[in-house]
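The values are calculated or read from the model by the stated rules, or taken from the named source; none is laboratory data. The structure presented is a predicted model; accordingly, all values stated were derived computationally and were not measured. No Cβ is skipped: glycine too gets one built from the backbone with ideal geometry, and neighbour counts run over all protein chains shown.
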Amino acid sequence: MSATTLPGLRSREAAARPVVRRRRLGPGKPIRFGAAIGPVLLLAIWSIGSATGWIDQRVLSAPWTVVTTAADLIADGRLQSNLWTSAQRALIGLALGIVLGVVLALISGLSRLGEAVLDGPIQIKRAIPSLALLPLLILWLGIGESMKIVTILLGVFIPIYIHTHNGLRTIDSRYVELAQTVGLSQWEFIRRVVLPGALPGFLLGLRFAVTGAWLSLVVVEQINSTSGIGYMMELARTYGQTDIIIVGLVVYGALGLLSDAVVRLIQRRALSWRRTLAS
Amino acid sequence: MAPNASLVSTVQVRDLVRRYDDRAVLDGLDLDIEPGEFVALLGKSGSGKSTLLRALAGLDYDVDGSGELAVPENVSVVFQDSRLLPWARVLDNVVLGLNGAFDRGRRSLDEVGLAGREQAWPNELSGGEQQRVALARSLVREPELLLADEPFGALDALTRLKMHVLLRKLCAAHQPAVLLVTHDVDEAIVLADRVIVLDAGRIVAEETISLPAPRSAADPGFAAVRSRLLDALGVSV
């Protein structure tokens, strides 16, 4: 409540001594379109630098060159076909990783034996970065598509497993008691209590997984690929075409932002019972 | 259930012993509850109230003990917290485990005065409303025995009074046998047909309440019962 809405005592006091409005601590009101200011500023510096010749075209192409290059790449179909290949790899790896992570989390979350068998190895795997396994995966699977998809999958299933398993194990035991007193069967218990209770954990894991999938994709596409955004960028490097490299970076960035937005949308929809707490 | 159910007790407890770490929390307890009878259970904390209720609810696995225990098949429990699943809408909470008995669930919500809130999330309701949903969830199962573990303990005094009226109405309509665990002597006298006092795992006092309804603390008979119960609880007034 602000001081001015208290009429009685406050106003009499104000007659004697004007109320000094305190300076608000904290950062203050949000700025309109504030999120755009930083990127626009960066773009302006880049444009001015390129136009005046401060920035060497061989080091960094001008923004307009990047735009026309992107238009050329779209016109001859190279960008679309490479993007399609990349998206396919990421989606297949992501889908398989989600299935694997959820299945393992359910087995180890719902049975003590499952946990004893699975949790240890998965925690060990978690300590090894997926990309460190690349030499071994290349020896086992070659440099084809399966190596790429398996690498993405290995990066994806860990966060899904960790967060879903944690979600399962932290379901309040009071709900388990409730399930017993209302006589739920094992299957109804899983469907009504366990799965919805673990959903927030799963969705958090999914956000990490999606970011992880793009990260792995970038690396695997720069190893002996003949297609994909990463390959397009690698090829551009050998010819010193910084404009194409930047087009690739922009595409990766846009994909990352877009997929995170999609997962957050799913999160908001699926956890609408929680939004009532936040709002 | 036995065919002549109306002639035998709904609850029969004989020589019930429950131990935690070799300490007897229930120590040779006997208790009968008749069909439709409302029994309130008073006791200091640690007297074994909750242990008895959990034993009757079948929630005391892994607890060491002996004795005979007969309860009906259809038992409902109301907990101190409403224990609604936060991710299920109010109606889904009421019919949890009842395979789509939505019409019965709606009628039950109407009975507790929450018609129209079927699609609300539990978090959108006040504490008193949540506890009314919990009552609806219990009564929609038409239990022969209703176990209530300090169901109004977390509510404010005014809401609690409204809940007393509601619970009496619901019990009159559904006629379950009730065992209400409470630490509130007045609540016990207002609601119950019989009040029992538990101490160190045994029943140490028992009062049959025959005061006319509506029971009021201003009634001299009320005051007499209350002082006897407080004595049994070891509180000198």
Enumeration of residues in the range B:105-126 that are within 19 Å of A:ARG191 (Cβ to Cβ) and outside any helix (DSSP H, G or I): B:TRP121
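Residue-wise test of (1) basic (Lys, Arg); (2) assigned to a helix (DSSP H, G or I).
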| position | (1), (2) |
| --- | --- |
| B:GLN130 | no, yes |
| B:ALA148 | no, no |
| B:LEU167 | no, yes |
| B:ALA188 | no, yes |
| B:ILE196 | no, no |
| B:ARG226 | yes, yes |
| B:LEU229 | no, yes |
| B:GLY234 | no, no |
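For the condition touching a residue at least 12 places away in the same chain (Cβ under 8 Å), in contact with a His (Cβ under 8 Å, 6 or more places away or on another chain) and more than 11 Å from chain A (Cβ to nearest Cβ), what is the one hit in B:SER45, B:SER50, B:SER66?
The unique qualifying residue is B:SER45.
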For the list (1) crowded, with 16+ Cβ neighbours inside 10 Å; (2) within 14 Å of chain B (Cβ to nearest Cβ), I need the number of the one condition that A:TRP187 fails. (1)
Might you check whether a residue that is buried (at least 18 other Cβ atoms within 10 Å of the Cβ), under 25 Å from B:ILE33 (Cβ atoms) and either touching a helix residue (DSSP H, G or I) at 6+ places or on another chain (Cβ under 9 Å) or modelled with pLDDT of 90 or more (or both) occurs anywhere in the range B:85-108? yes
Just a yes or no: is a residue in the range A:252-264 out of contact with any helix residue (DSSP H, G or I) (no Cβ under 7 Å at 6 or more places or on another chain), basic (Lys, Arg) and either outside any helix (DSSP H, G or I) or within 14 Å of chain B (Cβ to nearest Cβ) (or both)? no
Restricted to the range B:31-59 and to residues being part of a loop (DSSP other than H, G, I, E, B), among the charged types (D, E, K, R) and surrounded by fewer than 18 Cβ atoms within 10 Å (Cβ to Cβ), the residue nearest to the chain's Cα centre (by Cα) is B:GLU34
Which of the following residues is of a type in the set (A, V, I, L, M, F, W, C), away from every other protein chain (no Cβ under 13 Å) and either surrounded by 23 or more Cβ atoms within 10 Å (Cβ to Cβ) or over 28 Å from A:PRO200 (Cα atoms) (or both): B:VAL181, B:VAL140, B:VAL75? B:VAL181
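Does the range A:190-223 hold any residues that are of a type in the set (Val, Ile, Thr) and more than 7 Å from chain B (Cβ to nearest Cβ), and which are they?
Hits for the range A:190-223 are A:ILE190, A:VAL194, A:VAL210, A:THR211, A:VAL218, A:VAL219, A:VAL220, A:ILE223.
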With B:VAL17, B:VAL25, B:VAL8 as the choices, which residue is β-branched (Val, Ile, Thr) and over 20 Å from B:ASP199 (Cα atoms)? B:VAL8
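Name the one entry in B:GLY201, B:GLY221, B:GLY234 that is surrounded by fewer than 21 Cβ atoms within 10 Å (Cβ to Cβ) and touching a residue at least 40 places away in the same chain (Cβ under 8 Å).
B:GLY234
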Residues located in the range A:53-69, provided they are farther than 12 Å from A:GLN241 by Cβ and of a type in the set (A, V, I, L, M): A:ILE55, A:VAL59, A:ALA62, A:VAL67
Tell me the residue from A:GLY212, A:GLY230, A:GLY201 that is part of a helix (DSSP H, G or I), in contact with a His (Cβ under 9 Å, 6 or more places away or on another chain) and buried (at least 22 other Cβ atoms within 10 Å of the Cβ), please. A:GLY201
For the range B:79-104, give me each residue that is polar (S, T, N, Q) and either within 8 Å of chain A (Cβ to nearest Cβ) or assigned to a loop (DSSP other than H, G, I, E, B) (or both). B:GLN80, B:SER82, B:ASN99
Take A:VAL182 and decide whether it is within 14 Å of another protein chain (Cβ to nearest Cβ) and touching a Ser or Thr at 6+ places or on another chain (Cβ under 9 Å). yes
Being more than 14 Å from every other protein chain (Cβ to nearest Cβ), modelled with pLDDT of 90 or more and closer than 30 Å to B:ASP231 by Cβ: is that true of B:PHE38 here? yes
Given the condition touching a Pro at 6+ places or on another chain (Cβ under 8 Å), within 30 Å of A:LEU257 (Cβ to Cβ) and not hydrophobic (A, V, I, L, M, F, W, C), answer yes or no: does some residue in the range A:214-221 qualify? no
Determine, yes or no, whether A:TYR175 is at the interface with chain B (Cβ under 10 Å from one of its Cβ atoms) and either assigned to a helix (DSSP H, G or I) or surrounded by 20 or more Cβ atoms within 10 Å (Cβ to Cβ) (or both). yes
